[in-house]
Amino acid sequence: MSQTLVERKYQAVIGIECHVELKTATKMFCGCANEFGGEPNTKVCPVCLGMPGALPVANGVAIEHVIAAGLAFGAQIPAFSKFDRKNYFYPDMPKDYQISQYDMPLTLGGEVKFWREDGTMSACRLVRIHLEEDTGKSTHAGSGDGRIAGSAYSLVDFNRAGVPLMECVSEPEIHSAEDAVAYLEALRRTLLQLGVSDVKMEEGSLRCDANVSIRPAGATDLGTKTEIKNMNSFRSVHRAIETEIARQIDIVESGGRIVQETRGWDEQKGDTHSMRSKELAHDYRYFPDPDLVPLEISPDTVERIRASLPELPWQRFERYTAKYGLEPKQATQLIDNAALADYFERVVTASNHPQQSKNFVLGELSRLANETQTPVAGSKVSPEHLAELIALVEAKTINSKIAKELLARMWDGAGSPKSLVEKEGLAQTSDPSAIEKFVDEVIAANEKVVADYKAGKTNVAGFLVGQVMKASRGKADPALVNELLQRKLSS
Ligand SMILES: [Zn+2]
């Protein structure tokens with residue numbers, strides 16, 4: 001059986017768990033700065049170091065961030081929520097437990113709407129989003145580097161311990177590596193749009209694990225799953241899931257059994273390896289944190305946050321593709337560059353021509369931006385002036401060649417294209433008698449080319465059009481030039 005036929009015999013089932021560090025001024029339960037990096041163990045205090053007698057106070061901004069995320073994904077916000085202690089031996093958690101949420105998370109249900117490269121929209125439901133604190137960071141070092149002679153040791157940095165962390169748990173209803181990445185992209189875009197996190201995978205403010213299993217196509221029961229960790233980019237998420245699906249199919253095809261375990265992704269080797277068996281569920285002995293009062297979320301708070309939600313990326317995607325007629329790739333390109341999308345929106349508002357706005361913003365303007373290493377939104381071309389240029393093109397006052405020249409000058413600070421056209425007499429010549437004069441001149445001056453044309457070499461027409469455009473200093477209406485030239489040559 002071929003590889004694809006074997007793959008078609010099975011359906012992959014994928015669930016994604018994402019940990020997202022929230023953007024707040026201070027940590028989750030103390031006043032320490034919530035910033036990435038810095039000298040180890042400099043952003044710490046008695047609370048996040050777990051000193052006896054130190055009491056946590058919940059960060060209200062972090063709670064509102066989670067509610068905002070929940071509402072953006074259409075989740076329910078229960079009126080009551082609480083924090084629980086998750087007990088475990090954490091070498092990088094000074095309290096030796098993590099404050100998390102067990103049975104009463106801040107949000108329940110909801111779904112992440114995502115779109116694929118071809119523009120089709122799909123969704124994956126969420127189980128819950130809960131709020132917890134991040135752990136510190138340990139660095140494991142080997143022996144022999146001279147610091148501690150002859151022994152292996154670990155270094156721990158508590159700067160990250162206590163940073164507010166949101167965990168988004170999806171239902172296992174994604175069926176391909178492509179959809180897993182599309183889901184993550186949608187989640188990332190939404191959280192970025194809400195301003196609740198930097199969601200930088202490279203700095204660890206977005207981390208994800210994937211639960212992967214396979215089952216015979218058409219089956220409804222879930223197969224034994226493995227949990228994949230250590231994926232540091234969306235590209236590695238894609239590769240890791242593909243690799244794991246193939247590994248599981250191989251095992252089942254050869255009569256083996258999938259073992260429930262945690263597997264680490266090795267980017268270099270392009271393979272996963274067993275980290276630990278998960279045959280037994282850990283007993284975290286959760287219990288309500290006695291130092292923290294339960295959370296009461298009033299309907300007023302929920303409605304206030306709901307009213308403050310911006311247009312969401314998937315809504316913008318639908319507007320750009322359905323209303324403005326943009327290609328999925330172009331819509332995504334704009335949505336993923338917030339400053340450029342805002343600029344585009346202002347051009348559309350001022351010009352009322354979404355297609356032309358898109359053509360200029362993603363075309364010539366982006367080319368100039370790349371060339372000069374200046375973002376479009378920070379350039380000297382204001383959206384209003386670009387709209388003016390679009391109006392001049394749409395009214396056929398100028399042709400596209402002049403428009404391109406004008407845009408290059410506007411990029412250098414030339415200002416209003418309308419006044420440039422007026423001042424320099426750049427308006428397109430659409431007067432047939434004026435163009436006819438240029439056409440006659442060109443025909444008279446190029447007897448041999450005209451003879452060639454009449455002898456059947458019609459491809460020389462382009463040269464003649466070029467000559468007429470040149471004679472008009474680029475201002476002739478190209479369509480009219482073509483029409484007049486064809487008529488004269490065939491007479
Ligand atoms: Zn602290």
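Could you tell me which of the residues 53, 31, 37 is within 12 Å of the ligand (Cβ to nearest atom), of a type outside the set (Asp, Glu) and either outside any helix (DSSP H, G or I) or farther than 30 Å from residue 125 by Cα (or both)? Explain how you work it out, then say what you get.
Working: 53 fails: within 12 Å of the ligand (Cβ to nearest atom); 37 fails: within 12 Å of the ligand (Cβ to nearest atom).
Just a single option satisfies the conditions, and that option is 31.
Restricting attention to the stretch 322-353, the residues that are more than 19 Å from residue 366 (Cβ to Cβ) and polar (S, T, N, Q) total 2. Checked against (1) in a strand (DSSP E or B); (2) charged (D, E, K, R); (3) modelled with pLDDT under 95, residue 221 passes all but a single condition, namely (1).
Among the residues here, residue 70 qualifies as away from the ligand (no atom under 12 Å from the Cβ) and either surrounded by fewer than 14 Cβ atoms within 10 Å (Cβ to Cβ) or closer than 24 Å to residue 201 by Cβ (or both). Against the numbered list (1) crowded, with 21+ Cβ neighbours inside 10 Å; (2) more than 16 Å from the ligand (Cβ to nearest atom); (3) among the basic types (Lys, Arg), residue 82 comes up short only at (1).
Per the conditions (1) within 28 Å of residue 302 (Cα to Cα); (2) touching a His at 6+ places or on another chain (Cβ under 9 Å), the sole criterion not satisfied by residue 13 is (1). The numbered conditions (1) exposed (fewer than 14 other Cβ atoms within 10 Å of the Cβ); (2) of a type in the set (A, V, I, L, M, F, W, C); (3) within 22 Å of residue 355 (Cβ to Cβ) are all true for residue 455 except (3). Residues in the stretch 373-395 that are touching a helix residue (DSSP H, G or I) at 6+ places or on another chain (Cβ under 9 Å), surrounded by fewer than 18 Cβ atoms within 10 Å (Cβ to Cβ) and outside any helix (DSSP H, G or I): 4 in all.
This table checks each residue for (1) at pLDDT below 95; (2) out of contact with any Gly (no Cβ under 8 Å at 6 or more places or on another chain); (3) not in a loop (DSSP other than H, G, I, E, B).
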position: 180; (1), (2), (3): no, yes, yes
position: 184; (1), (2), (3): no, yes, yes
position: 188; (1), (2), (3): no, yes, yes
position: 191; (1), (2), (3): no, yes, yes
position: 199; (1), (2), (3): no, yes, no
position: 202; (1), (2), (3): yes, yes, yes
position: 207; (1), (2), (3): no, yes, yes
position: 211; (1), (2), (3): no, no, yes
position: 215; (1), (2), (3): no, no, yes
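Name the single residue that is nearest to the ligand (Cβ to nearest atom) among those in the stretch 1-28 being of a type outside the set (Val, Ile, Thr) and either assigned to a helix (DSSP H, G or I) or exposed (fewer than 14 other Cβ atoms within 10 Å of the Cβ) (or both). So, considering only residues that are of a type outside the set (Val, Ile, Thr) and either assigned to a helix (DSSP H, G or I) or exposed (fewer than 14 other Cβ atoms within 10 Å of the Cβ) (or both), the one nearest to the ligand (Cβ to nearest atom) is 25.
Among the residues of this structure, residue 289 counts as one that is surrounded by 16 or more Cβ atoms within 10 Å (Cβ to Cβ), closer than 25 Å to residue 101 by Cα and either free of Cβ contacts under 8 Å to residues at least 40 places away in the same chain or of a type in the set (D, E, K, R) (or both).
For the stretch 315-329, what are the residues that are among the aromatic types (Phe, Trp, Tyr) and not in a loop (DSSP other than H, G, I, E, B)? 317, 320 - these are the residues of the stretch 315-329 that are among the aromatic types (Phe, Trp, Tyr) and not in a loop (DSSP other than H, G, I, E, B). The residues on offer are 61, 44, and the sole one that is within 23 Å of residue 291 (Cα to Cα), surrounded by 14 or more Cβ atoms within 10 Å (Cβ to Cβ) and within 15 Å of the ligand (Cβ to nearest atom) is 44. Restricted to the stretch 164-178, and to residues there that are out of contact with any Leu (no Cβ under 8 Å at 6 or more places or on another chain) and in a loop (DSSP other than H, G, I, E, B), the residue that is nearest to the ligand (Cβ to nearest atom) is 173. The set of residues from the stretch 99-127 being within 28 Å of residue 291 (Cα to Cα) and buried (at least 21 other Cβ atoms within 10 Å of the Cβ) comprises 99, 101, 105, 106, 107.
State all residues of the stretch 231-247 that are surrounded by 22 or more Cβ atoms within 10 Å (Cβ to Cβ), part of a helix (DSSP H, G or I) and of a type in the set (A, V, I, L, M, F, W, C); if no residue qualifies, say none. Within the stretch 231-247, 237, 240, 241, 245 qualify.
Within the stretch 24-35, residues that are among the aromatic types (Phe, Trp, Tyr) reach partners that are near the ligand (Cβ under 7 Å from one of its atoms) and part of a loop (DSSP other than H, G, I, E, B) with beta carbons closer than 8 Å, at six or more positions or on different chains, in the pairs 29/47; 29/48; 29/162.
Of the residues 217, 210, which is under 18 Å from residue 177 (Cβ atoms), surrounded by fewer than 18 Cβ atoms within 10 Å (Cβ to Cβ), assigned by TED's automatic domain parsing to the domain that holds residue 172 and not polar (S, T, N, Q)?
217
The values are calculated or read from the model by the stated rules, or taken from the named source; none is laboratory data. Just so we're clear, the structure is a prediction, and the values are computed from it rather than from any experiment. Cβ coordinates were reconstructed from backbone atoms using ideal geometry, including for glycine residues, and neighbour counts include every protein chain displayed.
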